[in-house]
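Inspection log for the structure reproduced underneath, given as structure tokens.
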């Protein structure tokens, strides 16, 4: 391969890498090059040096310049994505033992918080398999902890699923089946497979760690049933629990006499005060799956230790056992999905709420301007991989940009505005007509220009007397003088070769704010720079934008209008 051709291919790969991850990485580009051109392995040292040089140059570009260069190859990139998706579907979208036409799975959120990107991965995976195997998907609310669950979260989960475009065939709640759960608990007690324990939490923890049996394990079924009946009137949450007789010597600590039922005195959002004894996830989930016709359970690999318990409960109760399939967990680097930690940040006033655009909750992503199809495309690229994925949010945002690029209006935005006075503008040049989008037919912006403009300070600070620049989509000017506060120039015709800059014109702009969004965390700590607010001017065409609409500020990036009150735009 000719040297020039190789450099061109390396640059194309580096641009693609920068588009997906925010910055190109030498290692990623090298791996891709060797995969595409294995003959280059003979001189990796020289290849790495060349790649490093190109990566450094690509990373010096602005985000908009990277996208501009990527646009040249956009069709090629799309074909690569299509082939990769097809290959992924062929190899990853299979479930061992699943039968077409006899398939049902479930999406089982607990309504104790808002959906996040990991839930979207699970839900989309389950929906896709339901379609592949011509089966059904159930929405199953695992709601047996009255301390934390609320109707607000049920409503938000339904809203998010609908917005994502995920259709389910039926819906049911664990809490509607408590009397039936009691019957199965009593069956275990009568068969000597469960016992009531009154040990303290500290004792139970210590015994389980050491593999020592609890003294209550020797109680007779009759004694256990008597105490079980007393649990429903207990006023102390830590007083009694029902435990399964497992194996206290098992290497799988989940099997060391786990808790099946515990007392909860909080009023339940759905059942009120009807019950005080509530099943745990370990007990009610396998039973609910079996009773509701679930044939295949698809869940995160982190639950693999629970699988043994899942199967054991059903075997003791002589209930049908669904097939279990494990997939990798999806995590977004430098972000949070822990409800507890998110709540802590909200209590400190560091987040706006569950829909804060820095979060990867579905509400946060929706508010930021990420579209449902981008989320689906992003999460489905991981297929049935069992390798846990910790990825940059840049991958999702790059996917989003591909989808919104053709419909996002283009606008000029001026940050740190500096005054520019232009002399000698002829009458014919004062009326400008600018396309709203360079390719799509989205109409025009029209302005009657005065002599006074505002341009970005970083553009203004580079200008000296005699420089010639072009006010993009208007005309060129020649700099006559530059002072600390303003620049004076003169009309210089319609020279297309001049360097282009953004601008707004006096009387044709409105003040606005941009919220530049970065990673929520820096290491383990809250990133104080996760949202940077900037003031600026945007051309007055922005007045026609509706809240929720996405636009592109040229040379800067995509933004979504979040509020008309302060004309606040969230970065994408």
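Calculated on C-alpha atoms, the gyration radius of segment 211-260 divided by its Kirkwood radius gives an Rg/Rh of 1.01. Report, in degrees rounded to the nearest 10, the 0 to 90 angle that the Cα long axis of helix 221-231 makes with the longest principal axis of the chain. Result, in degrees: 50.
Roughly how compact is segment 285-381, stated as its Cα Rg over 2.2 N^0.38 Å to two decimals? That ratio works out to 1.44. Length available on full extension from residue 280 to residue 52: 0.36 nm per residue minus the Cα-Cα distance, which gives 76.7 nm.
Calculate, in nm to one decimal, what residue 136 and residue 435 gain on full extension: separation in residues at 0.36 nm each, minus their alpha carbon distance.
Length gained between residue 136 and residue 435: 102.9 nm.
Considering the values (1) 30.4, 102; (2) 30.2, 95; (3) 26.2, 86, which represents Rg and Dmax of the Cα atoms in Å as calculated for the structure under consideration? Evaluating Rg and Dmax of the Cα atoms in Å on these atoms matches (1). Label separation (residue 253 vs residue 326): 1.7 nm, computed from points 7 Å beyond Cα along the C-beta direction. Note on 545, 375: ascending count of other Cβ atoms within 10 Å places them as 545, 375, the fewest first. Place a label point 7 angstrom from the Cα of residue 403 along the Cα-to-Cβ direction, then list the residues of segment 369-384 whose backbone nitrogen is under 13 Å away. In segment 369-384, the label zone of residue 403 (backbone N under 13 Å from the point 7 Å along Cα→Cβ) covers 369-381. Between residue 235 and residue 6, the modelled labels are 8.3 nm apart [label points 7 Å from Cα along Cα→Cβ]. Put in order of Cβ neighbour count within 10 Å, fewest first, the listed residues 445, 158, 358 become 158, 445, 358. Extending 7 Å from Cα along the Cβ direction at residue 80 and again at residue 292 yields two label points whose distance is 4.2 nm. Computed on segment 331-404, with alpha-carbon pairs under 8 angstrom and 6+ residues apart, the relative contact order is 33 percent.
Sorting 559, 37, 444 by the number of Cβ atoms found within 10 Å of their own Cβ, with the fewest placed first, yields 444, 37, 559.
No lab work stands behind these numbers, since they all come straight from the coordinates. Predicted model only: the values in this text are computed from it and were never measured. With ideal geometry, Cβ positions are generated from the backbone for all residues, glycine too; neighbour counts draw on all protein chains shown.
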